[in-house]
Amino acid sequence: MSAFHVSNDHINYLLSWARRNNPIVRSHDRRFDISQSEHYWRVGVILREANSASMEARYGDEPVMYEAQNLPALPAINIVAGCDCLAYQSCEYDGWEKSDAKCILDQIRDAAIRSVPGYEGHWELNRERFEVAA
């Protein structure tokens with residue numbers, strides 16, 4: 001699959017979900033409360049810059065500007081998929097693994113996973129737990 005610049009809507013859906021469900025995210029050295037517009041915008045810029053850095057490293061593309069917008073809530077499972085997509089589209093530059101963008105994106109993804117219906121935490125998978133009474 002070819003890499004691409006994700007849309008601003010893509011980033012804004014992730015941040016809009018986080019704003020409603022898990023508004024505190026941390027970079028390596030800073031705490032953001034994305035219920036505050038300035039922090040929402042700044043985190044969006046961090047995510048956009050990572051995606052642009054990946055596209056520049058891979059294809060020499062010019063950066064894309066970020067425009068913040070609050071969007072309707074999507075189901076948590078769509079947020080997990082959206083985080084996976086953005087991570088895949090942003091991982092091509094040196095430094096991704098230790099970037100603030102990856103750190104923030106992992107937090108949004110983890111929070112979304114925990115809110116997926118049926119997710120019960122870090123439990124051992126065993127037959128006794130999942131056997132259905134006959």
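A few notes on this one:
- Cβ-placed point charges (K, R +1; D, E -1), dipole of the chain about Cα centre in debye, nearest 20: 380
- Calculated FRET efficiency, Cys103 to Glu124, Cβ-Cβ distance, R0 = 30 Å: about 0.60 to the nearest 0.05.
- When the convex hull of its Cα atoms is viewed from all sides, the chain shows a mean projected area of 10.2 nm².
- Considering only His122, His28, His39, the Gaussian network model of the chain with Cα springs below 10 Å gives its largest mean-square fluctuation to His122.
- To the nearest ten degrees, helix 37-59 and the longest principal axis of the Cα atoms of the chain are 80 degrees apart.
- Ordered by the count of other Cβ atoms within 10 Å of each Cβ, fewest first, Ser54, Ser35 give Ser35, Ser54.
- Principal-axis tilt of helix 8-21 within the chain, Cα atoms, nearest 10 degrees: 50
Bear in mind that the values in this text are calculations on the coordinates, not laboratory data. Everything quoted here is computed from the prediction, not taken from an experiment. Note: ideal-geometry Cβ built from the backbone for every residue, glycine included; neighbour counts use all protein chains shown.
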